[in-house]
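The values are calculated or read from the model by the stated rules, or taken from the named source; none is laboratory data. Keep in mind the model is a prediction, meaning the values are calculated, not measured. Every residue, glycine among them, receives a Cβ derived from its backbone with ideal geometry; neighbour counts consider all protein chains shown. Areas reflect the complete protein model, heavy atoms only, side chains present, ligands, DNA and RNA absent. Shrake-Rupley method; radii C 1.70, N 1.55, O 1.52, S 1.80 Å.
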Amino acid sequence: MRKTITAAVAVLATGLIATGCTSPSTTATAGTDAPETLVVYSNSVSDGRGDWLKKEADIAGFKLRLVDLGGGDIRNRLLAEKANPIADVTFGLNNVYFESLKKAKVLDAYTPSWAGKVDASAGDEAGKEYWPIVREPVMLVYNKAAYTKPDQAPSDWPDLWTKKQFAKRYEVPSDLGGATTQMVLAGILSRYRDDKGDLGVSQAGWDAVKAYFQDGVPAVPGTDLYAQIAAGKVDAGQMWLAGKATREQQYKVSTEAAHPKTGVPMVVQQVGLVKGTKKSAEAKKFIDWFGSAKVQAAWSKQFQTVPTNKDALAQADPAAVSATDSFTEQAIDWAFVAQHLDQWIEKIELDYLAN
Amino acid sequence: MNGSARRMLRSPLVLVTGAVLLWFVFAFLVFPNLVMLREIFFPDGSFSTRAFAKLWSSDRARASLRNSFLLAAVLSVTVNVVGVFIVLATRYFALRGARLLWLGYATTLVYGGVVAVSGYTFVYGEHGFATRLLLDIFPGMDPAWFSGGPAVAVVMTLTGTSHHLLFLTSALARVDHQTVEAAQQLGASSWRILRQVVLPVLKPTLFAVTVLTFLGGLTAFAAPQVLGGRDFQTITPMILTFAGIPSSRDLAATLAVVLGVATLILLTVLNRMQAGGTYFSVSKVPSALRRQRITNPVANAVVHVLAYALFAVYLIPPLLIVVFSFTNASTIASGRITPGSFTLANYRQVLTDAASSWPFVVSIGYAAVTASVVIVLMLFVARVLQKYVNPVTVAVEYLLHIPWMLPSTLTALGLVITYSVPRAMVGDTVLTGTLALLAIAYIAAKIPITLRMLKATYAGIPDNLEEAATLLGASGPHTFRRVLLPLVLPTAAAVSALNFNSLLDDYDTSVFLAHPLYEPLGIAIQNATRSEGTSDNTALTLVYAVLLMAVSGLAMWFVYGRRAASRRTARRDRPSTAHPTSAADADAASLTRPTPTASH
């Protein structure tokens with residue numbers, strides 16, 4: 001018995017030491033002939049998107065290692081690894097997250113070959129540290145069956161807490177970590193900008209947020225909004241464009257998105273080069289390839305996204321493009337949002353969350 | 001320096017291990033957390049009390065904190081009651097089908113978290129089977145009856161008995177049958193024997209599992225979020241949100257320290273209560289406990305009915321999880337199963353992906369390495385801390401509980417930040433991005449529970465065993481290996497299995513420390529089931545839960561199934577021997593069992 005234990009411990013110890021001492025940077029830089037493996041952090045590679053991207057990149061001569069994490073987790077990991085970055089490229093986070101990465105000096109400036117094809121103001125116009133790739137509206141959706149006439153349905157977020165008939169009939173988030181939730185809150189609070197108010201928002205704005213959570217039904221973790229709609233628990237809630245159609249099918253309900261006159265928050269996913277990467281040349285080549293019209297159009301056809309690259313738009317998925325274009329983009333000062341969002345979330349978590 | 005410290009320093013083995021331990025404690029428990037806390041509380045060189053003011057003025061924070069403490073207090077009672085009952089029902093009293101009952105109660109060992117809560121909502125939730133049955137009988141009833149504080153307490157009580165089932169069972173095995181027999185001959189009632197002969201032996205273990213239960217209640221997450229409703233939210237969701245926002249981490253750390261200090265206070269109080277007691281049999285030749293028949297027919301019937309009712313309550317939720325894992329998202333939400341709702345699509349989606357087995361391999365590897373390293377380290381450390389009580393060992397013992405004081409998100413970030421630059425402490429290497437860092441974090445995280453359980457077990461071993469061995473001329477290491485080790489091995493095996501299972505689906509730590517090429521299962525599950533995907537992936541959550549149940553069940557079988565088998569053979573070979581070393585040899589063989597999983 002003693003021998004078995006000794007042997008097992010020895011095997012484990014050597015295994016740990018042998019495997020533990022190889023870091024990805026040393027293994028990757030060892031072979032200079034083979035294409036260098038790029039480590040890419042992204043929150044947009046689930047649902048088969050990552051596998052597709054790896055295959056296409058492989059054909060184009062890139063070797064990718066995708067690290068698929070939630071938006072907030074990617075930001076925190078990149079910030080923590082700042083002194084010795086593991087990632088070479090990151091994409092998929094929205095401009096607010098990218099702005100905080102830029103502030104923390106995690107990114108390097110780079111102008112991709114396709115920079116002229118996108119609206120640079122949707123990214124980091126001045127610093128050239130992150131560039132827009134895909135845009136998607138964040139919507140207020142409602143169950144069509146719940147309202148006999150379309151004009152009885154909510155037409156904009158404030159309807160939910162200002163009109164009595166919607167009270168306790170719409171879902172509010174119970175966890176503020178999600179990017180969609182944060183965009184909805186940014187869209188509401190931006191309407192009440194007041195530089196003299198608490199955290200840049202007037203008291204009326206905070207009262208609105210308080211009423212929004214008070215009159216809503218908190219989301220239940222593990223139960224989707226569309227499950228709650230199908231069960232008749234709520235009639236409305238937040239959803240992103242790509243999530244609407246599949247869920248309607250899964251739950252056999254028909255929903256409609258409100259088209260407010262002020263517009264909806266348009267989430268713009270970005271791509272950026274990580275500062276301190278040892279594979280900077282290869283990483284830049286990858287960004288050039290990934291944002292190109294050809295790849296973005298193919299990505300759009302495959303996953304119904306709306307590219308920001310103007311040349312890609314023509315060959316993009318027409319349904320996704322027309323659905324996205326049906327919304328007015330809400331005028332939101334993203335620099336203002338990026339400056340305050342974390343504090344807003346903290347205040348809401350402490351004082352206003354309903355559950 | 002007192003006598004204990006002097007004696008301690010005489011042993012070279014203690015000195016070497018002590019030095020290694022101190023290095024580990026400082027390098028991976030103290031230093032990275034200090035780096036993190038400095039960044040949190042002294043962002044620009046001056047300490048800020050912002051966190052206290054913010055938290056104090058928030059009604060929500062105060063209410064959540066109160067609920068967490070209330071839940072911890074309630075669970076400390078209810079889990080002990082149910083936990084002691086199921087252990088006595090399966091291992092102390094002679095009940096019909098005790099083995100089957102044990103299997104039912106053991107389901108909590110292989111599943112947990114939000115999936116366990118969904119298991120219970122499949123039964124008692126608004127669309128649950130029990131609720132529909134009740135609605136037929138009482139049509140006016142509120143279908144959402146199973147919610148709020150009581151529902152949270154019930155679910156957490158039933159899913160919280162795994163520590164009892166594992167550790168109390170092995171403590172019960174140390175009860176000397178002769179003392180029970182002697183008490184019977186002196187005319188003591190079954191109840192009195194239980195209270196005055198059996199329970200005292202269980203005390204150190206009961207104290208240790210009470211600490212674990214209390215901590216589990218304080219850090220409750222899934223059950224309150226799903227079942228708590230507006231009136232019963234707890235503090236952990238808030239801690240996790242704040243830990244994820246760089247500028248709010250002072251709030252997360254402050255809240256976590258409040259919970260950690262409360263746990264340590266309880267620990268100190270229970271340690272005081274435990275000190276000085278005698279927790280082992282006093283007869284010279286202890287014999288193995290035999291199951292007791294309940295002589296009173298009414299009591300016997302009542303215990304049987306209770307045991308089987310609990311069996312059903314334990315077994316139905318995991319069974320429904322397996323059933324619903326074969327259906328789609330809308331069936332899971334509505335709870336209505338028709339013959340047409342079954343599908344294999346979920347399993348096909350999870351299993352056909354070529355890369356899908358790799359995270360299992362990675363997680364099993366990490367879990368096996370961690371469980372083995374922690375147990376080897378703590379078997380020794382717990383003994384030293386239990387044997388030598390002096391200011392140094394007391395201080396080290398408290399430092400080893402640091403992982404209970406801070407949320408794993410913060411300790412993980414602390415490790416990344418600290419070791420992303422070369423540090424002299426670890427030979428001037430960079431640990432961020434290596435495979436070792438995640439293993440180190442896992443090992444640190446599993447130290448407190450392992451230490452607690454092993455120390456409680458050592459407390460139940462009479463000193464005279466060791467004295468006798470020394471008098472017979474056995475060396476210190478020899479005594480440890482041949483006399484003490486066999487006695488603590490059942491607990492060691494149990495805690496290793498528990499550590500192994502709990503690491504399989506870890507997300508909070510791996511998300512920051514995992515190597516890009518070696519992503520563990522927790523990350524794969526989170527990616528497949530993240531709510532912001534194109535479709536609702538609830539069904540996949542259940543598929544992964546079922547697969548995890550299979551792996552965890554296998555790990556448990558390695559520890560318990562095979563040990564039971566070898567014990568049966570041992571009993572056949574030596575029907576009458578009952579002195580501790582030989583009885584424990586059968587148990588001892590099981591230590592080698594958890595390790596084969598490491599070779600996967």
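Looking at region B:104-112, is at least one residue assigned to a strand (DSSP E or B), away from chain A (no Cβ under 13 Å) and of a type in the set (A, V, I, L, M, F, W, C)? No: region B:104-112 contains no residue that is assigned to a strand (DSSP E or B), away from chain A (no Cβ under 13 Å) and of a type in the set (A, V, I, L, M, F, W, C). Within region B:326-344, which residues are in a helix (DSSP H, G or I), open to solvent by 30 Å² or more (accessible area, probe 1.4 Å) and touching a residue at least 24 places away in the same chain (Cβ under 8 Å)? Result: B:Ala333, B:Ser334. Just wondering, is there one or more residues in region B:312-329 that are hydroxyl-bearing (Ser, Thr, Tyr) and within 28 Å of A:Lys252 (Cβ to Cβ)? Scanning region B:312-329 turns up at least one residue that is hydroxyl-bearing (Ser, Thr, Tyr) and within 28 Å of A:Lys252 (Cβ to Cβ).
Restricting A:Asp342, A:Asp288 to those that are over 23 Å from A:Trp114 (Cα atoms) and of a type in the set (D, E, K, R) reduces the list to A:Asp342. Looking only at region B:466-478, decide whether some residue is within 12 Å of another protein chain (Cβ to nearest Cβ), open to solvent by 10 Å² or more (accessible area, probe 1.4 Å) and among the hydrophobic types (A, V, I, L, M, F, W, C). Checked against the condition, which is being within 12 Å of another protein chain (Cβ to nearest Cβ), open to solvent by 10 Å² or more (accessible area, probe 1.4 Å) and among the hydrophobic types (A, V, I, L, M, F, W, C), region B:466-478 yields no hits at all.
When B:Val269 is tested against (1) more than 14 Å from chain A (Cβ to nearest Cβ); (2) more than 30 Å from B:Leu240 (Cα to Cα); (3) open to solvent by 60 Å² or more (accessible area, probe 1.4 Å), just one condition goes unmet, and that condition is (2).
Within region A:285-299, being more than 14 Å from chain B (Cβ to nearest Cβ) and closer than 24 Å to A:Lys244 by Cβ holds for A:Gln296, A:Ala297, A:Ala298. The residues of region A:139-185 that are more than 30 Å from A:Ser44 (Cα to Cα) and touching a Ser or Thr at 6+ places or on another chain (Cβ under 9 Å) amount to a single one, A:Ala145. For A:Met183, only one of the following conditions fails: (1) within 26 Å of A:Arg77 (Cβ to Cβ); (2) in the same structural domain as A:Ser292 (by TED's automatic domain parsing). What is its number? It is condition (2) that A:Met183 fails. Could you list all residues from region B:36-62 that are in contact (Cβ under 8 Å) with a residue 60 or more places away in the chain, within 29 Å of B:Gly216 (Cβ to Cβ) and either surrounded by fewer than 12 Cβ atoms within 10 Å (Cβ to Cβ) or away from chain A (no Cβ under 11 Å) (or both)? B:Leu37, B:Ile40, B:Phe41, B:Phe52 - these are the residues of region B:36-62 that are in contact (Cβ under 8 Å) with a residue 60 or more places away in the chain, within 29 Å of B:Gly216 (Cβ to Cβ) and either surrounded by fewer than 12 Cβ atoms within 10 Å (Cβ to Cβ) or away from chain A (no Cβ under 11 Å) (or both). Quick check on B:Thr236: is it free of Cβ contacts under 8 Å to residues at least 24 places away in the same chain, surrounded by 21 or more Cβ atoms within 10 Å (Cβ to Cβ) and either of a type in the set (S, T, N, Q) or within 14 Å of chain A (Cβ to nearest Cβ) (or both)? No, not satisfied. Residues in region B:514-534 that are open to solvent by 10 Å² or more (accessible area, probe 1.4 Å) and in a helix (DSSP H, G or I) were compared, and the one that is nearest to the other protein chains (Cβ to nearest Cβ) is B:Asn527. Quick check on region B:208-219. Is at least one of its residues open to solvent by 40 Å² or more (accessible area, probe 1.4 Å), in the same structural domain as B:Ala256 (by TED's automatic domain parsing) and under 26 Å from B:Tyr124 (Cβ atoms)? Checked against the condition, which is being open to solvent by 40 Å² or more (accessible area, probe 1.4 Å), in the same structural domain as B:Ala256 (by TED's automatic domain parsing) and under 26 Å from B:Tyr124 (Cβ atoms), region B:208-219 yields at least one hit. Regarding B:Ala222, is this residue open to solvent by less than 50 Å² (accessible area, probe 1.4 Å), within 14 Å of chain A (Cβ to nearest Cβ) and modelled with pLDDT of 90 or more? So B:Ala222 fails the test.
Selection of first residues in region B:370-386 that are away from chain A (no Cβ under 12 Å) and free of Cβ contacts under 8 Å to residues at least 24 places away in the same chain and of second residues that are open to solvent by 10 Å² or more (accessible area, probe 1.4 Å) and of a type in the set (Gly, Ala, Ser), restricted to Cβ pairs under 8 Å at least 6 apart or on distinct chains, gives an empty result.
Figure legend. Inter-residue proximity from region A:339-352: first residues at the interface with chain B (Cβ under 7 Å from one of its Cβ atoms) and within 13 Å of A:Thr181 (Cβ to Cβ), second residues surrounded by fewer than 18 Cβ atoms within 10 Å (Cβ to Cβ) and at pLDDT 95 or above, beta-carbon distance below 7 Å, spacing 6+ or different chains. No pairs are indicated.
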